[in-house]
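Data first, discussion second: the structure below is written as C-alpha cells.
The values are calculated or read from the model by the stated rules, or taken from the named source; none is laboratory data. From a predicted model like this one, the values you see are computed outputs, not experimental measurements. Note that each Cβ is placed from the backbone with ideal geometry, even for glycine, and that neighbours are counted across all protein chains shown. For the accessible areas, the whole protein counts, side chains as well, though only heavy atoms, and no ligand, DNA or RNA atoms are used. Shrake-Rupley method; radii C 1.70, N 1.55, O 1.52, S 1.80 Å.
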Amino acid sequence: MNTTTRVCVIGGGVVGASVLYHLTKLGWSDVMLLERSDLTSGSTWHAAGGFHTLNGDTNMAALQGYTIRLYRELEELTGLSCGLHHVGGVTLADTQERFDMLKAERAKHRFMGLETEILGPEEIKQVAPITNIDGILGALYDPLDGHLDPSGTTHAYARAARMGGAEITTHCKVLETNPRVDGTWDVVTEKGTIHAEHVVNAAGLWAREVGAMAGVYLPLHPMEHQYIVTDEIAEIYERATEHPHVMDPAGESYLRQEGRGLCIGFYEQPCKPWAVNGTPWSFGHELLPDDFDKIEDSIAFAYRRFPILETAGVKSVIHGPFTFAPDGNPLVGPVPGLRNYWSACGVMAGFSQGGGVGLTLAQWMVDGTPDRDVFAMDVARFGRILTPGYTLPKVIENYRNRFSVAYPNEELPAARPFRTTPLYDAFDRMGAVWGQQYGLEVANYFAEEGEARYETPSFRRSNALAATAREVKAVREAVGINELQNFGKYLVTGRDARGWLDRVMAGRVPAPGRLSLTPMLNRNGRLIGDFTISCLSETEFQLTASYGAQDYHLRWFENWLEGDVHVRNVSDTRTGFQIAGPNARALLQEVTRADVGAGAFRFMDVKTLPLGLSTALVQRVSYTGDLGYEIYVDAMEHRALWDLLWQAGQAFGLRPFGMRAMMSLRLDKFFGSWLREYSPDYTPAETGLDRFISFGKPADFIGRAAAEAERTTGPARKLCAFEVDAADADVNAYEPIWLDGSVQGFCTSGGYSHHAGKSIALGFVPTARAEDGLEVEIEILGDMRPARLITTPLFDADGARMRG
Ligand SMILES: Cc1cc2nc3c(=O)[nH]c(=O)nc-3n(C[C@H](O)[C@H](O)[C@H](O)COP(=O)(O)OP(=O)(O)OC[C@H]3O[C@@H](n4cnc5c(N)ncnc54)[C@H](O)[C@@H]3O)c2cc1C
C-alpha cells in the first residue's frame, strides 16, 4: 500500500468507486481508495439497482442522465458487465396535480435532450400491462429507466479506476483523519498511515462517523428501506420483452421485473430511521429483519394497482439502511471550514446519481469548479447551523415525501420553527404565513382576518394571490416594510480590504458613502454571486447577497483570503428592514433628524444615521425597484427599530409585505434573482450583469479573462423578459420557449405582476432573436401559451421614482 497519495477516497461503495474512476478520467492517477471490508460493504450491495432521470432539480436530472449513459461506456472500457436492463419506465399520475408535475417535467426534458413522453391510460396499459389503470390520468414514460447489478457496476467503476492508475486497498479501515498545518492530511488506518493531499469522505452509512474524525458534522441520516422479490409469475416470464418499471407515487412504490418474477419496494409513511446514535462499525454484509407491519398499507395498495401481485408468493425480502440528507439530495463538494476535505455522501440513489456525483467532485478537485450549477447537491447549502436534531425529522419528512408532488410554492413543516427573528411572534399575530430559508422563518405574506393561514401548494396561482396583490399595492402606492434578515451579510475589514474586493468582485468597488452592484465570478467567468458592496470607510465594507448562499460564499472568500483582510459573516447579527414605496422618504425623514431629502441622500448612498434609539446603517437601494431604503441595525435593536418605523409609518400607509410580494415587485423591473437568473450555469453577458463589470479597473479580478473573451465574441443567448398570455398558471422555472416550431430557449423564473396585472417570464433565447416584440410560445404545464418579448419595465421605466 502506498503511504503517500494525492487523493485518499474513504469508502468503496458505488459512490467512492465512481469518484475514484472520475479522478483518473480527468487525469489524476496518483489516487487511492480505502475500504474497511470488501467493496460494496455498505448500502451498495443490497440496492435494488434501479435508475431513472426524474428529479425536481434540472441539473440533478441532467447528472442522472449522465450517470445512466455512463454504464455502457464503463462496460466497454472494462469488459465487465454492469448487468444493464434498459427496460424503460412509467411514472403514474392519479391526480391532476401529479399529472401537472409530470407534464412540467416533460417540458423541461425537451431542452435537456431527454426523450420522455406523456402517455394516456390506454397507452400505459400497453406499455405496462400489469397496471390497473382505474383512476389513472396518465404517466410519464422514460426510455432511459432501468436497473443493473449493483455489485457488478461498483466493480466496473473500480476496474476502470485501476486501469487509470488508481490503487484500491480493501480490509483497511480508516481510524483517524488528522489535518497538517499545510492543509494536507494524515489518514491513519489499520494498515498504517497515509499522507494525502486531499481526503474524500465517501463512507456512505458511516459518513457521519468518518466526518466526525475530521471534526465536522455532515447532515445525513440512514433510513430503513425494504423491497420484496416475488416468486415466478407466468404473465411476466411468458412476455416476449422485459416488463418496464412502474413508479406509482400514489402507492409510494416502485416495481420492476426481477428474473421471472417482480420486485416491488416502498417509501412507506410509517418509515423508520436507523442507527440514530451512530452506525455500528460491526454492521457489514447483513440485512435488517423483515418488517411487514410498516408496509402493510403499502402492500394492500399495491395489490389494487397490480392485482397480479396477490397471486404471487414472496421469494425474498431485502431490508437495509441507506442515507439521506435533509432534502434528499447528495452532499458533495469541499466541506466548509476544512482544507482539502471533500464530501461525497448522502447519496440516496447511488445508481441514478453516482456517476454524476463522481464527475462533479472530480471536476471540482481537478479543475477547481464543476462545469455547471450544482448548488442542489452542494455540501455547503445547509450552512454550519445544522444539528442531528434538525436532520432527523427532515430526513423522515423527505423519505415520506419521496413520491409526493413537489410544488414550487410548497413549504415543508418538519423541524419548524427553527430560526426566528425577534419579530416572529408579532408577525405571527399580524397573520404571517411563513416560509423557510436556510433554517430561517421568513414571512411569505400576511393573511387578513378570515383568510386561510396556509398557502395551498399548487402549480397554478395559489390562495396567496389576494394578499400578495394588497401588499404590492401598498408598496407601489404608499410604503411597505419587509425584514432584511434574509440577506447574507458580510463585513470585510482591513488595510487590504479594497484591493481584495477589487480582485474577488468583478465590479467597481465604490467610494466611501456609496454602494455598487457587482457580479462575483469563478475562474471560468461564470456567476457565483450578485453582491451589493457598501463602502463604510476605506477599511470597512459591507457585502450583501443571498441568505441561502452563506456557506457557499464564505467558502469562496476563505479560499481567496490574503493580506490584511478579515471577512465576518454578520447575516444574523446585523438585521433590520427595508422600506419601499412613494412614501418611503417621508417615513424615513419622520424618524431621523438627519436630512434625507433627495439631494442629501442620493440613490446608491450609504449613511450612518441616528434613528430613534439606534444608530443605523441606511442605504438607498431597493430590490422592489421603487424608492426605497435598507436600514440595518444590531439584531438586539431589531424590535426597537420595528416599533419606531411601525408607529411612524401609520400616517404614511405603511404595510408589511412578504416574499411573495417581493418576487412580484422585482418582476416589474425584470430584476433577476440568485439561483434563478444568476447561477454558475450563466455568464454576466448572458444575463446582462456584464453592465456591472468594471473592465476598466486595473485589478486582475477572478474570471476576468473569460469575461473579456465573452465580451469580444458576445453571448449566444440572452436573458429576456416576456409578457405571457397565461391562464391560471404562471411560469415557474425551466419551461421551454418555442420559437418557429422548435424549442430554442427556456425560462428561468416568472410569476404574476400584480402592479401591471400581467403574467411575466424571464428566460433565455438566442441573442440574434432577442428583439422587442418577438413572438414566442411558452409551454406551461403542457399548454402552449403565446408570449411576447418585452424590453420596457412595467414600472418606473425611466427610473425616475427609484433614483429621484
Ligand atoms: C433496500 C435498498 C434498496 C435500494 N435500491 C436502490 C435503487 O434501486 N437504486 C438506487 O440508485 N439506489 C438504491 N438504494 C440506495 C443505494 O444503495 C445507495 O444510494 C448507495 O449504495 C450509496 O452508496 P455509497 O457508496 O454512498 O455508500 P455505501 O454503499 O454505504 O458505501 C460506503 C462504504 O464505505 C466503507 N467505509 C465506511 N467507513 C469506512 C472507514 N472508516 N474506512 C474504510 N472504509 C469505510 C463501507 O464499508 C462501505 O463499503 C437502495 C438502498 C437500499 C437500502
query: Can you list residues whose amide H is under 5 Å from Gly658's amide H, if they're 5+ apart or on another chain and H is modeled 1.01 Å from N?
result: Phe446
- prompt: In degrees from 0 to 90, rounded to the nearest 10, what is the angle of the helix 550-560 Cα long axis to the longest principal axis of the chain?
  reply: 90 degrees
message: Using protein chains only and a probe of 1.4 angstrom, how many square angstrom of Leu675 are accessible, to the nearest 10?
response: 60 Å²
query: Quick one: accessible area per residue over the chain, 1.4 Å probe, rounded to a whole number of Å²?
result: 37 Å²
field: Accessible-area ranking of Asp772, Asp551, Asp783, largest first, probe 1.4 Å
entry: Asp772, Asp783, Asp551
task: Identify all lysines with a Cα-Cα distance to Lys191 below 16 Å; exclude those on the same chain that are fewer than 8 residues away in sequence.
output: Lys173
- request: State the Cα centre-to-centre distance between the range 132-192 and the range 610-635 in whole Å.
  value: 50 Å
message: Give me the extension gain from Arg676 to Ala240: residue separation times 0.36 nm, minus the current Cα-Cα distance, reported in nm with one decimal.
response: 152.3 nm
query: Cα-Cα over 31 Å: which of Lys394/Lys607; Lys697/Lys718; Lys272/Lys315; Lys25/Lys718?
result: Lys394/Lys607; Lys25/Lys718
message: At 1.4 Å probe size, with the rest of the protein present, what percent of the exposed accessible area of the range 698-804 is carbon and sulfur atoms?
response: 49 percent
- line: Here, Asp182 and Ser316, labelled 7 Å along Cα→Cβ, have an inter-label distance in nm of 4.9 nm
field: Residue-by-residue Karplus 3J(HN,Hα) for the range 238-247, coefficients 6.51, -1.76, 1.60, Hz, glycine and proline x
entry: 8, 5, 6, 10, 5, 5, x, 6, 10, 9
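Between His285 and Gln589, what length comes free when the chain is fully extended (0.36 nm per residue of separation minus the Cα-Cα distance, one decimal in nm)?
Extending this stretch completely gives an extra 102.4 nm.
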message: Amide H of Leu33 versus every other amide H placed in the peptide plane: which residues, excluding those fewer than 5 positions away on the same chain, fall under 5 Å?
response: Val9, Glu167, Ile168, Thr169
- request: Would you list, by chain and number, the lysines whose Cα falls below 19 Å from the Cα of Lys473, excluding same-chain residues fewer than 8 positions away?
  value: Lys669, Lys758
task: Can you tell me the 0 to 90 degree angle between the C-alpha axis of helix 465-477 and the longest principal axis of the chain, rounded to 10?
output: 30 degrees
- line: Per the 1/(1 + (r/R0)^6) rule, R0 = 30 Å and r from the Cβ atoms of Asp231 and Met163, FRET efficiency to 0.05 is 0.15
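Which percent of the accessible heavy-atom area of the range 230-379 goes to carbon and sulfur, probe 1.4 angstrom?
Numbers: 2610 of 5440 Å².
Carbon-and-sulfur percentage of accessible area, whole number: 48.
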task: Enter the angle in degrees (range 0 to 90, nearest 10) between the Cα long axis of helix 296-305 and the first principal axis of the Cα atoms of the chain, meaning the one along which they spread out most.
output: 80 degrees
field: Cα centre as origin, Lys/Arg/Asp/Glu Cβ charges: the range 439-488 dipole, Debye
entry: 260 debye
message: Quick one: 3J(HN,Hα) in Hz for the range 616-625, Karplus 6.51/-1.76/1.60 with θ = phi - 60°, rounded, Gly and Pro as x.
response: 10, 9, 10, 10, 8, 6, 7, 6, 6, x
Long-range amide H partners of Phe324 with built H, under 5 Å: His221, Met223
message: Per 0.36 nm of contour for each residue apart, how much would the distance between Arg384 and Ala651 grow if the chain were fully extended, relative to their Cα-Cα spacing?
response: 91.9 nm
- prompt: Once phi is turned into θ = phi - 60°, what whole-Hz ³J(HN,Hα) does the Karplus curve with 6.51, -1.76 and 1.60 give for every residue of the range 393-401, x standing for Gly and Pro?
  reply: x, 5, 5, 4, 4, 5, 4, 5, 8
field: Accessible-area composition of the range 615-682, carbon plus sulfur, in percent [1.4 Å probe]
entry: 53 percent
